[in-house]
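The structure appears right after this line, and notes come after that.
The values are calculated or read from the model by the stated rules, or taken from the named source; none is laboratory data. Given the structure is predicted, the values throughout are model-derived calculations rather than measurements. Note that we place each Cβ from the backbone using ideal geometry, even for glycine, and neighbour counts take in every protein chain shown. With ligands, DNA and RNA removed, areas are computed over all heavy atoms of the protein, side chains included. Shrake-Rupley method; radii C 1.70, N 1.55, O 1.52, S 1.80 Å.
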Amino acid sequence: MSMGIESGVSPITSGQEASRELGLQWRRLTRTATAIAVLTSPAAFVWMHYHLGWGVGWSLVATFLLVAAYRGLVEVVLRKMIPWPSLFGTDDAQLRADDAMARRRAWTWRSLYRKVAFFGGLLLTIVTAMYLVRIAKGQSPSYSDTAGDAWSAIANAFSSPQLWIQLLLLPMLLLINFAILFGPLMLMGIMQIQGFEPGEADWGVRLDDVRGQAEAKEEVRRVVSLWQSGEAFERAGGKRERGLLFLGAPGTGKTMLAKAIATGFNSPFVSIPGSGFAQTFMGMDAVIVRYLARKAKKLARKWGGQCIVFIDEIDAVGMRRASLGGHEPVGATAQSFHDFCFYGPNGALTATGDLVLETRAWRERLFAERAAKPAPSFVRRFGAIVNQAFPGMMGGGGQLALNQLLVVMDGIDNPPLSRRVPTRLINTFLDAVWVVPRRVGRVSLRLPAPHPRDEQIYFIGATNVPLDALDPALTRPGRMGRHVWLQTPTKRDRMDIFDLYLDKVDHDEDLDTPKRRDEIARITNGYSPAMIEQVCSMALTYAHHDGREAFQWHDLVEATTTIESGMAIGIEYIPEETRAVAIHEAGHAVAAHAYMKEVESTRLSIRRRGAALGHHQALEKEERFSSWRHEEIGRLVWALGAMAAERVFYGENSTGVGGDVQSATARAAWMVGACAMGPEPIELDGRFDDESFEQTRARIAKRFQAIGAQIMNRTGGGGPFAQDPITGVLGDKEQRELVAEILGQAYVAAHNLIAHNRAGVEKVADTLVERRELHGDEILELLDSANLQVPEVDMTKDEAWPKL
């Protein structure tokens, strides 16, 4: 065991004491050397003043510089011979300050002597070369005369005005060439940076105008209130957030919320789209970032020290720094059935566009579909390769911009360069001359370190990509570490948004009743705030075209259907086809009303809009994140209800059921392959004479499979059958049988429902033929008046089985 440990003194403590003692010895040595240099300085003054004949002033200056240079040389030599003290862990602040000053002095004189040695060696080389040239010419020069001539030539050259003019013109010419080549391109990027001072621009948006985002607004209020007056919070030890990141699908109000913050914050507001950082040539995007930071700081200084920087679509510059192959989309795993069957702008479950069911998963997918589609994988890879050689090309540049943006966000409150450089130069000079002490008593003889900037720059970013697609360095705490998710508007949110926009336009008083407001929110499945505003404006357009001051319910309905499906096409079906389409859509509506108790119908139509001859839309009564097996079975019955209705009324089905069959097949396969949902257990009661219970159940299961096998879509190729797990399920014999059995069960249920309620289905179809389009409560009232009943079916009887 070592002596230090035996005596109770650790090696670390012993090393610290030795370093502290070395530091104290250095302090004494430094002061002694300085005192010796000062005491010998009169001799240098006398020599320069009396022997060289210099004036008193010049002699004093020269003596001062000579003492400093001599002292600096001694310091450099001593530091080479004696080790530096390591003061890590030492609590002596004075000793640490002396050590920092000594290191700064040593660095200053070491670098100065190196420059002197370099230029002295260069001058010596020039003089020697001139001396040798003169000897080669047969002259007999003296070395001192040659040195004097060389010095005179150099002095004359540097005293020439032409030389200084050329030296000044060179950087100006470089700057002009840069402006000519890159100026127009850079100007295009700079012009996208918009700065707004308080009172200069009013977007007419307040925080209360952002509707349907109660949680997001409350989170924003917490952060912004600390931005505006968080001094007490900081005195209590807190740290204000530097940035906010708005996440959400397109159309959920991210930009509107940022404008509301800027309007209510009463501070400068600087905005730039993420694409504004994309520049053609390397390094220009970093210049754009620096210009953005400079503009924000300038406005902050002008307006009390605060400024907001809003970067819309920040994913254009802040995507994860991926490998050469490019960034692949995040979240490719299917989360809902809408990942397989999602057709058209309204996200229909069928390719014909006649079935729409609003769920949370459907709404999230619908809003995501409104975003710009990512480039194909091979395009992203090619773009990544090109950008290795030509950053900025192919839309994949911005890595320099991202790196510079991160640096700017971290150093936004750094002391300004205009303060740091003079302070450092003056303090370094005072330290290097040795004779000016660092402190006299309590009075410091050095300039104080510049304080951080008083300006506070806050960053707000908005994006519709997943959070894990952004660079973690951008989204970490201290940068954009506070994340605010803006959800897609639910039915309740849509009511709140309609309350805002309906109050701004003239409308019939009937639309102000709670019943109507609820109905309006139900029929506007998947609407964004911008779409709701457009609906109100379009409804008023219809009213004014008819000479009315205010719009009514039917104007609003016409506006919603036009926005969703386009203008109704004025095609008159032949009477037989009109009734057939009505029977088809009535089958969907009746099946949904009977088997989907968690859902309510919102729209039923036989007017052709787009490619759909008619359509049925429904809405989940409550927001759900998952569904039960019986609910998925109900949706199968809903999809096959139209085919069952055609079979019951016409004895055969039309080609119009193709989309329904494809969607039902995909849903059944998804249930079996992804959700572990098998067919409905077959329950049998009673006695059996000719065959056993198990044989009867097997026979019934085979009959379900036979019906389902005939219904099952097996065209393959595209659509939902190009993706797993559906392709895998349908390619497996055992699982395909389970899918067929589920389809058979769903169709038998739909067929018996329609057959049992034939009169009610006919009533719905007749009303639809007459009205052409039904919305909201009028659909529910019609379906309730049909007195629909789900029949009890005995599968052992042949009359329970449909004929296919």
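Below are the figures for this structure:
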| read-out | value |
| --- | --- |
| Distant-in-sequence amide H partners of LEU470 (H built 1.01 Å from N, under 5 Å) | ARG320 |
| Full-stretch length increase - GLU781, VAL133 - with 0.36 nm per residue and alpha-carbon distance subtracted | 221.9 nm |
| Cβ-derived FRET efficiency at R0 22 Å, LYS733 paired with VAL793, nearest 0.05 | 0.20 |
| Burial ranking of peptide ranges 643-649, 424-430, 467-473, 140-146 (average Cβ count within 10 Å, highest at the top) | 643-649, 467-473, 424-430, 140-146 |
| FRET efficiency for MET188 and LYS302, using Cβ-Cβ distance with R0 set to 25 Å, rounded to 0.05 | 0.45 |
| The range 30-113: Cα Rg divided by the 2.2 N^0.38 Å rule of thumb | 1.35 |
| Extension gain, HIS545 back to ASP468 (0.36 nm per residue minus Cα-Cα distance, nm) | 22.8 nm |
| Cβ-Cβ FRET estimate between LEU73 and ALA153, R0 fixed at 25 Å, reported to 0.05 | 0.25 |
| Residues with amide H under 5 Å from that of GLY776, placed H, sequence gap 5 or more | ARG603 |
| Computed accessible area, GLU564, all protein chains, 1.4 angstrom probe, square angstrom | 20 |
| Hits among lysines - C-alpha to C-alpha of LYS254 under 18 Å, sequence gap 8 or more where chains match | LYS217 |
| Amide H contacts under 5 Å for LEU244, placed H, 5+ residues apart | PHE459, ILE460, GLY461 |
| Whole-number accessible area per residue in Å² for the range 502-559, which is evaluated in the context of all protein chains at 1.4 Å | 47 |
| Entries in LYS702/LYS733; LYS597/LYS797; LYS763/LYS797 that, when Cα-Cα distance is taken, lie over 20 Å | LYS597/LYS797; LYS763/LYS797 |
| Accessible heavy-atom area order of LYS297, LYS702, highest first, probe of 1.4 Å | LYS702, LYS297 |
| Label-to-label distance, nm, for residues given as LEU24 and ILE176 (7 Å Cα→Cβ offset) | 6.6 |
| Carbon plus sulfur fraction of accessible area for the range 114-226, probe 1.4 Å, in percent | 69 |
| Contour excess over end-to-end distance, with Cα ends at ALA236 and ASN403 and 0.36 nm allotted per residue | 56.8 nm |
| Candidate aspartates and glutamates - alpha carbon under 17 Å from LYS298, same-chain residues fewer than 8 apart omitted | GLU197, GLU200, ASP413, ASP454, GLU455 |
| Cross-link partners of LYS504 among lysines (Cα-Cα below 21 Å; sequence separation of 8 or more within a chain) | LYS259, LYS491, LYS515 |
